C-alpha cells in the first residue's frame, strides 16, 4: 500500500484509510467486503489508484458490484 506523507495524508479521503486498515488487518486467509465510492474504481492517478492496483495485482479482488445512482 502507498505510504502517504504530509500533504497527501491531509488530502486522503477517509474511506481510503479504512480500506488500507482493513487490508492490513486481515489474516492471510481472511475475507472482507468493502463498499467504496465509484471514484475509487475509476481513479487513474493518486492514492486510490495505487491501492486499487495493489488489490488487483495481489489477486485479492473477487468481484465488483456497481449500483446505479
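The values are calculated or read from the model by the stated rules, or taken from the named source; none is laboratory data. On a predicted model such as this, the values are computed, not experimentally measured, just so you know. Because the Cβ atoms are built from the backbone with ideal geometry, glycine has one as well, and the counts that use them run over all protein chains shown.
Side notes on the structure shown:
- A count restricted to the range 20-41 and to residues that are in contact with a helix residue (DSSP H, G or I) (Cβ under 9 Å, 6 or more places away or on another chain) and part of a loop (DSSP other than H, G, I, E, B) stands at 5.
- Matching residues, the range 45-60, being within 18 Å of residue 13 (Cα to Cα) and either surrounded by 10 or more Cβ atoms within 10 Å (Cβ to Cβ) or modelled with pLDDT of 90 or more (or both): 46, 47, 48, 49, 50, 51, 52, 53, 54, 55
- When the residues of the range 42-69 are filtered to those that are touching a helix residue (DSSP H, G or I) at 6+ places or on another chain (Cβ under 7 Å) and outside any loop (DSSP other than H, G, I, E, B), the one that is farthest from residue 17 (Cα to Cα) is 52.
- Within the range 17-42, if we keep just the residues that are at pLDDT 90 or above, closer than 24 Å to residue 69 by Cα and surrounded by 15 or more Cβ atoms within 10 Å (Cβ to Cβ), the residue that is farthest from the chain's Cα centre (by Cα) turns out to be 36.
- The range 48-66 residues that are without any contact (Cβ under 8 Å) to a residue 12 or more places away in the chain, paired with ones that are surrounded by 14 or more Cβ atoms within 10 Å (Cβ to Cβ) (beta carbon under 8 Å, 6 or more apart): 49/43; 61/55
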